[in-house]
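Novice: Sharing a structure below in structure tokens format, with a few things to ask.
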Amino acid sequence: MGKCRLLVVFVLLISPLAQAQWQQKSFHVMGTQAHVEFWLGDSQTQATADMLISQVEQEMQRIDETMSPYKDTSELSLVNRQAALEAVIISKELFELLQDAYKIAELTKGTFDITYASIGYQYDYRQHKKPSQAFIDKNLSAINYHSVELDTDNSSVHFNHPAVKIDLGGIAKGHAVKNCLAILKQAGIEHALVSAGGDTGLLGDRRGRPWYVGIKHPRADDKTAVQLPLSDEAISTSGDYERYFIEDGVRFHHIINPKTGDSARNVVSVSIIGKNPTYVDALSTAIFVKGLQEGMTLINQLPEYEAIIIDNQQTLHVSEGLLQD
Ligand code: ADP
Ligand code: MG
């Protein structure tokens, strides 16, 4: 009896503390839902936790302010207005992200191409608007990542084609997740999850267990297609169900094949797993454009990345590294 009471007291004493050590918050940013969750170390206070959550939120807001194509005041909008006229000096952060975008464009032979926006800006999925074929034919030559010239000495960017526009929607969320994980890591956090839309980055495990990251069912909003146990990885999912409209039975959605200026329709969902949140974000978009065969072939050549692809028949395919595990 006495022992039992002791146990009850003990449980009452430790459980609020244990609860308080898992910190989490969801918020809206960059046109999507973001989430941060982490384990507060024994030596850290609740005030530290609150400060870290607010730093993560602010970091995502800051990246949105800098890189949103919808804000006239963003650095990206300035570049889109000016860079075809003259070289524009840009922040180190934007310059380095443009360098990453270039590297991934090279790696994927242009299926990831931030100049997709030269035509892409004419789509408005909410308003069910798409560019005419005449507009696409006229501007298709503006989609070419080689038109974005980066000058390392001056940290400047210049477009060598008058109709070029860029958009970082396929890479900026991964970059934001990466920065937020760095903030938490630097503060001594060892177990964390940060997500923005379909981009998730993990620090460590969930204290002795893996984190479970779900891939949405591509045709049932409230369902999960698969749950993956992961630790110390990033995972990014690109799907044709986030922003889209259907016209005459054809789905127009936000992942554009740079060769055609039209939505890519080879598969319905691509998830990429790897260490670098920025790269997995861009690669998920690129592999989506490539489709199953070409996409898997590329991923199977890259030992640091794995892929889960859902095809048009809703069959799930995984890369070789996941089969071996
Ligand atoms: P989400 O934005 O839903 O997380 P993705 O990571 O797949 O999905 O990114 C899709 C976004 O990438 C689009 O909204 C657009 O901003 C951008 N994008 C679309 N097609 C391409 C492409 N071929 N190359 C680079 N970026 C693209
Ligand atoms: Mg992506």
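The values are calculated or read from the model by the stated rules, or taken from the named source; none is laboratory data. This structure is a prediction, so every number in the text was calculated from the model and none was measured. So basically every Cβ, Gly included, is an ideal-geometry build from the backbone, and we count neighbours across all protein chains shown.
Novice: Kindly indicate whether His146 is more than 19 Å from Ser77 (Cβ to Cβ), away from ligand 2 (no atom under 16 Å from the Cβ), in contact with a Lys or Arg (Cβ under 6 Å, 6 or more places away or on another chain) and at pLDDT 95 or above. Reasoning before the result, please.
Specialist: On the way: more than 19 Å from Ser77 (Cβ to Cβ): yes; away from ligand 2 (no atom under 16 Å from the Cβ): yes; in contact with a Lys or Arg (Cβ under 6 Å, 6 or more places away or on another chain): no; at pLDDT 95 or above: yes.
No; evaluated as a whole, the condition is false for this residue.
Novice: Based on what the data block shows, is Asp262 surrounded by 14 or more Cβ atoms within 10 Å (Cβ to Cβ), in contact (Cβ under 8 Å) with a residue 40 or more places away in the chain and touching a His at 6+ places or on another chain (Cβ under 8 Å)?
Specialist: no
Novice: Let me ask another. Given the criteria among the aromatic types (Phe, Trp, Tyr), closer than 17 Å to Leu107 by Cβ and within 16 Å of ligand 2 (Cβ to nearest atom), does Tyr305 qualify?
Specialist: Yes, satisfied.
Novice: Let me ask something additional. Surrounded by 18 or more Cβ atoms within 10 Å (Cβ to Cβ), touching a residue at least 60 places away in the same chain (Cβ under 8 Å) and more than 13 Å from ligand 1 (Cβ to nearest atom), is that true of Ile310?
Specialist: Working: surrounded by 18 or more Cβ atoms within 10 Å (Cβ to Cβ): yes; touching a residue at least 60 places away in the same chain (Cβ under 8 Å): yes; more than 13 Å from ligand 1 (Cβ to nearest atom): yes.
Against the criterion (surrounded by 18 or more Cβ atoms within 10 Å (Cβ to Cβ), touching a residue at least 60 places away in the same chain (Cβ under 8 Å) and more than 13 Å from ligand 1 (Cβ to nearest atom)), Ile310 qualifies.
Novice: Hey, another quick one. With the condition being more than 16 Å from the chain's Cα centre (by Cα), assigned by TED's automatic domain parsing to the domain that holds Gly197 and not hydrophobic (A, V, I, L, M, F, W, C), I'd like the helices (runs of 4 or more DSSP H) fully within segment 25-115 carrying at least 3 qualifying residues.
Specialist: Correct list: 46-67.
Novice: OK, next. Check His146 against each of (1) surrounded by 16 or more Cβ atoms within 10 Å (Cβ to Cβ); (2) in a helix (DSSP H, G or I) and name the one condition it does not meet.
Specialist: (1)
Novice: So Asn154 passes all but one of these: (1) within 16 Å of ligand 2 (Cβ to nearest atom); (2) at negative phi. Which condition number does it fail?
Specialist: Here Asn154 meets the rest and fails (1).
Novice: Based on what the data block shows, is Ile14 at pLDDT 95 or above and either of a type in the set (A, V, I, L, M, F, W, C) or farther than 30 Å from Leu283 by Cβ (or both)?
Specialist: Here the answer is no, as Ile14 does not meet what is asked.
Novice: Now for a separate question. Output the residue which, of all residues in segment 223-242 that are over 14 Å from Val177 (Cα atoms) and within 16 Å of ligand 2 (Cβ to nearest atom), is nearest to the chain's Cα centre (by Cα). I'd like the intermediate steps shown before the answer.
Specialist: So the first thing to find is which residues in segment 223-242 are over 14 Å from Val177 (Cα atoms), and the list is 223-231, 238-242.
Keeping just the survivors that are within 16 Å of ligand 2 (Cβ to nearest atom) gives 238-242.
Numbers: Ser238: 8, Gly239: 11, Asp240: 14, Tyr241: 15, Glu242: 13 Å.
Restricting to residues being over 14 Å from Val177 (Cα atoms) and within 16 Å of ligand 2 (Cβ to nearest atom), the top hit is Ser238.
Novice: Here is a follow-up. In this structure, is Lys165 modelled with pLDDT of 95 or more and crowded, with 21+ Cβ neighbours inside 10 Å? Please lay out each step first, then the result.
Specialist: Values: modelled with pLDDT of 95 or more: yes; crowded, with 21+ Cβ neighbours inside 10 Å: yes.
Spelling it out, Lys165 is indeed modelled with pLDDT of 95 or more and crowded, with 21+ Cβ neighbours inside 10 Å.
Novice: Those residues that are in a strand (DSSP E or B) and over 13 Å from Val226 (Cα atoms), I need them from segment 308-324; list them, please.
Specialist: Asp311
Novice: Residues to consider are Phe135, Phe159, Phe112; find the one that is out of contact with any Asp or Glu (no Cβ under 9 Å at 6 or more places or on another chain) and either under 22 Å from Thr278 (Cβ atoms) or touching a residue at least 24 places away in the same chain (Cβ under 8 Å) (or both).
Specialist: Phe112
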